[in-house]
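First comes the structure, then the notes that go with it.
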Amino acid sequence: MFPDAALDRFAARVRALPEKRRAWTWRLIRIGLALSAGAGTALAHPPFGVLVGLLGYPLLMILSERSDTPRGAFWMGWLAGFAYFFIGCWWVAEAFFVNPEQAWMAPFAASLLPAGLGLFWGVACALYRRFAPIGVVRVLLFAALFCAAEWLRGHVLTGFPWNPAGATWRAGGGMSQFASVVGVYGLSLVTVAATAALAPPIGPGAARSRLISAGLGVLALAAIGLFGAVRLAQAELRFTDTVVRLVQADVKQETKWSPEAYRSIVDRYVALTRQPAARTPDVVVWPEGALPASANDVFASADAAAIAGAVRPGQTLMMGLARGEPDPTAPEGARYYNSLFALVDEGGPGLRIAAVYDKHRLVPFGEYLPLGSIMTAVGLRSLVHMPSDFSAGPIPAPIRVPGVPPVQPLICYESLYPGFTPGADGRPDWIVNASNDAWFGATSGPRQHLNLASYRAIETGLPIARATPTGISAMIDPWGRIVQNQRLDPGVAGVIDAPLPRPTAVTPYGRWGDAFFFAGLLAALAISLFAGRRPGLWPLTSPTRLRLRG
């Protein structure tokens, strides 16, 4: 076939080069292709949406299996992972410019994070090279090992599940709806397997087997697209009687930390909360860390009266604030939590605290310092300007406030994690995601965060009310779609008054969680490692012709 002939001609030209130059040429080609594979798959994600970049997965599979050793495959995976996470996570550097004293750390954050996350891809590719079976069923092994590594990335050391492969598809679109059955990790497995199935036609072997592989990959993508189209066609968006106001005050992170700014911030939130509406909202949601002060200070100050004056009788105010509580066993005699308060106006003086949710999954180096005692001893705590750690709250559970449908709070980063919201027993009616994306300015980070958070709606069949200080705030329906006109983009100050959508019936993922993902993972491993070594099942009929030697 043409690809084989073209590769043979290219390989012949390279082999004609002097030995030293030939070695360096192969090395540079491999490095360039690996970086291209990672960059392509990263650019396929929103907000970029260059879906042809999904061809990076079959390219990475080819590079891994044509490496001379598992070690060579590891470096192919690591380079691809570095490019992927550099493009997907470069926005973390923006947070270090908020405090000028930390700006020098920005290049290190932008490079060390992808370097560490790339290790997961490297290990997956090394294992694939070590155990790759004969025949096109090796596609299943690649997808299984790769997605197992991605699952580990989302769980090891609290995990960082940013941009799993399944979230390549824009949330709310047809391709994303399969997450209601298998979750975002299951959708990752299908996405990687289907796109990697396009790799065998480029290599050697029987033409029929290779074309069947590509055909099955295209068929799998078409099937999940058809499933999503049918699900959306049957979607009936209905609303409850509850109206939710999402407050976005457009408070930039770098302008928060002064007495003058504090006064202005309180005034902004109070004015937006009191803003008149045709229908008085039942619930008002302020974002994570809305005020640059602890709850203890806010509730003890005169500002508590101003905030209470903005809340109408019968309303509930959900506001994100840090809080501290005495604890003699803690190093400083107190523990600190990143919390969401539910405050109600019952007609008396002030507001009553009806419920408090403490953030469970904390951000490493942002809210706590891993191996804190060791890091403090070597002086790293002073470098990152973290005088103390937040404490993790209990496992997420819904809160119940009189007059408000049961709600599951997720604070910022927690919205990346599947499975934090009960899908069957104890299921709430909606999710509130109080976030603070102001740290990341006008980068791709807030837009990707919105896409990732929206997958929690698809998985659970629950609407999400999302409030951030600078955007993107939105009301998201149970299919992961932003309700028409219920969105505030970055740089906009205002409110959204949105009727709360009704949840769908319990989704398969809500009932069974990642069971389908793990079943698919085990099936793919079993088929590829057992059946792939039997000569009768789509064997390669000729040895690999092109090896990218280092």
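Any read-out appearing in this document is the output of simple, stated calculations on the displayed coordinates, not a laboratory observation. Model, not experiment: these values are computed from the prediction. Here Cβ is always computed from backbone atoms with ideal geometry, including for glycine, and neighbour counts include all displayed protein chains.
Diffusion of the chain by Stokes-Einstein, at 37 °C in a medium of 0.692 mPa s and with Rh set to the Kirkwood radius over alpha-carbon pairs, works out to 131 µm²/s. Extension gain, ARG352 to LYS252, is 33.1 nm, computed as 0.36 nm per intervening residue step minus the present C-alpha separation. In the chain, a dipole from Cβ-located charges (positive for Lys and Arg, negative for Asp and Glu) runs towards its positive end, and of GLY445, ILE527, ALA220 it is ILE527 whose Cα lies farthest in that direction. Approximating the spin labels as points 7 Å out from Cα along Cα→Cβ, the SER294-to-ALA223 distance works out to 5.6 nm.
Axis angle, to the nearest 10 degrees, between helix 259-274 and the longest C-alpha principal axis of the chain: 90 degrees. Quick one: length gained pulling ALA505 to ALA304 fully straight, 0.36 nm per residue minus the C-alpha distance? Gain on stretching ALA505 to ALA304: 68.4 nm. Would you grab the residues whose amide H sits under 5 Å from the one on ALA334? Only those 5+ places off in sequence or on another chain, please, with H modelled 1.01 Å from N. Placed amide hydrogens put ASP327 under 5 Å from ALA334. Under the simplified labelling scheme, the ASP241-ARG263 pair shows an inter-label distance of 4.4 nm, with each label point 7 Å from Cα along Cα→Cβ.
Sort all Cα-Cα distances of the range 62-217 into consecutive 5 angstrom bins from zero, then give the percent of pairs in each bin up to the one containing the longest distance. That works out to 2, 9, 15, 18, 18, 15, 10, 6, 3, 2, 1, 0, 0, in percent per bin. Full extension of the chain between ARG274 and HIS155 yields a length gain of 38.7 nm, computed as 0.36 nm times the residue separation minus the alpha carbon distance. Based on DSSP H segments of at least four residues, each scored -39500 (n - 2.57), the chain has a per-residue ellipticity at 222 nm of -14000 deg cm²/dmol.
Ordering of 34-47, 244-257 by packing is 34-47, 244-257, highest average first (other Cβ atoms within 10 Å, averaged per residue).
In whole Å, what is the distance between the alpha-carbon centres of the range 321-365 and the range 140-166? Measuring centre to centre over Cα atoms gives 33 Å. Put simply, the Cα atoms of the range 274-341 extend 51, 21, 20 Å along their principal axes, the longest span coming first.
Among 187-199, 490-502, 64-76, 228-240, sorting by the average number of other beta carbon atoms lying within 10 angstrom of each residue, highest first, gives 187-199, 64-76, 490-502, 228-240. If both residues of a DSSP beta bridge must be in the chain, then about 65% of such bridges are antiparallel. Taking the Cα centre of the chain as reference, the dipole from Cβ charges on Lys and Arg (+1) and Asp and Glu (-1) amounts to some 2780 debye.
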